[in-house]
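Below is one structure, written out as structure tokens; comments come after it.
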Ligand SMILES: *[C@@H]1O[C@H](CO)[C@@H](O)[C@H](O)[C@H]1NC(C)=O
Ligand SMILES: *[C@@H]1O[C@H](CO)[C@@H](O)[C@H](O)[C@H]1NC(C)=O
Ligand SMILES: *[C@@H]1O[C@H](CO)[C@@H](O)[C@H](O)[C@H]1NC(C)=O
């Protein structure tokens, strides 16, 4: 009797404790669902009508016809190559996605070693990659591919046990209701009440995304977007309340301050260990997130640069979200696929030092070559992001003992080592380092402090 009563009380308490109110103090206190920190690596996919011009970046429409003055490069590109009066929405019927094979994409993402995938459900242009009832004739089912891109990719991604997330832009450059609210100094919420929120709730219920990667928040305060009310619903009552994570783009001034994990700014790279869970998003194409038909190899990150960036991010407690931009035909450009598979090959050997790792006492040192540290349980991992010039590697941060054991991941033989000082630092005699994809090698250190 008493036991049953106690269980009821516990159930009530935990249920009460789990409810969040629509204010930042409450929402910010929500613990991040653990899958996200353990995942460490994700693939970001920018795909939309902007992939059709594939010129400049996914901001093409804004650079061409939004900002004042417009970007001359975009204006002359259009006047040289398209008939006079051609409008941006006319690109949509040319978004065919005729080669889109979600299973193939998901195979590539799986092979990259990523544990989650985030697709643009709607970028700033407002086009939804699903049949949003709030985006009439400006969505991928009414026009263009005539297909539920969000749903089809989600099924394939989840089938490979990857988490599925959706990017959603709060603002839409040219939506008439948004422009009206903007003109009213965001004192009215016509766009939010009639477009944004109904669509966002619908999207969550329909696709159950486990990441909501919010963006396009910065022109208006979170009170305009009703962000805290939406997040309270998301965390309390939505179908993904227990597993969903979000970022920090929920209104002007929120970045790096409120929400779930922090993105701060695009490609944010902190100098030291942040106090809050964060994610670095970056793009293989250094000049764009969306596909560019005129991209050059020299403008892309090479594999060693990606691996070094990934390792540095994880050592500082971050997740690494690496972007690729598919073509309007639905292909992942082969060079992006090669990069993703390269990351996966590296992770296959070195993933023990990455997945579910924690930052160590020291995050980096550069005695022989640049080394980043991670840890898991009692093990510490020292990841060299350059090939040492000699057969020995010196590490000064670890404190050794008689029990210290050093191995190279991928090779079970213990490596000879000697202390630098009686209990601080060690010199390791390295085996021949395989010419690893990614030019980075991991030493596993057991029995150190
Ligand atoms: C993926 O799909 C296959 C074939 O339909 C099915 O057998 C398998 O259980 C699915 N895997 C997951 C993780 O959903
Ligand atoms: C938006 O927020 C206001 C309070 O700020 C609240 O009264 C209203 O119900 C909210 N609407 C939605 C759809 O969340
Ligand atoms: C590591 O040290 C070398 C030699 O002093 C220097 O050239 C290099 O920039 C340093 N790298 C980092 C990541 O600090």
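Every number here is computed from the coordinates shown, using simple stated rules; none is lab data. In this text the structure is predicted, and so the values were computed from the model without any measurement. Using ideal geometry, Cβ is built from the backbone for each residue, glycine included, and neighbour counts are taken over all protein chains shown.
Overview of results
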read-out	value
Three-way shape label, segment 160-275, alpha-carbon gyration tensor, a/c 1.5	oblate
Antiparallel content of DSSP bridges confined to the chain, in %, to 5	50 percent
Relative contact order (%) - criterion: Cα under 8 Å, at least six apart; region: the chain	17 percent
Whole-percent pair-distance distribution, where bins are 10 Å wide, for the alpha carbons of the chain	4, 19, 27, 23, 15, 8, 3, 0, 0
Highest-first arrangement of 18-28, 368-378, where packing means the average Cβ count within 10 Å	368-378, 18-28
Most fluctuating residue given options 341, 361, 292, as computed from a GNM of the chain linking Cα atoms under 10 Å	361
Residue-averaged 222 nm ellipticity for the chain, from DSSP H runs of 4+ at -39500 (n - 2.57), nearest 500	-8000 deg cm²/dmol
Euclidean distance between Cα centres, segment 348-371 to segment 387-433, Å	14 Å
Peptide ranges 55-62, 68-75, 402-409, 244-251 listed from the most packed, as the mean C-beta count within 10 angstrom indicates	244-251, 55-62, 402-409, 68-75
Alpha-carbon Debye profile of segment 358-446, log10 I(q)/I(0) at 0.13, 0.26 Å⁻¹	-0.36, -1.70
Mean separation of Cα contacts under 8 Å, 6 or more apart, over the residue count of segment 258-330: relative contact order %	38 percent
Rough spin-label spacing in nm, given labels placed 7 Å along Cα→Cβ, for residue 187 and residue 241	3.7 nm
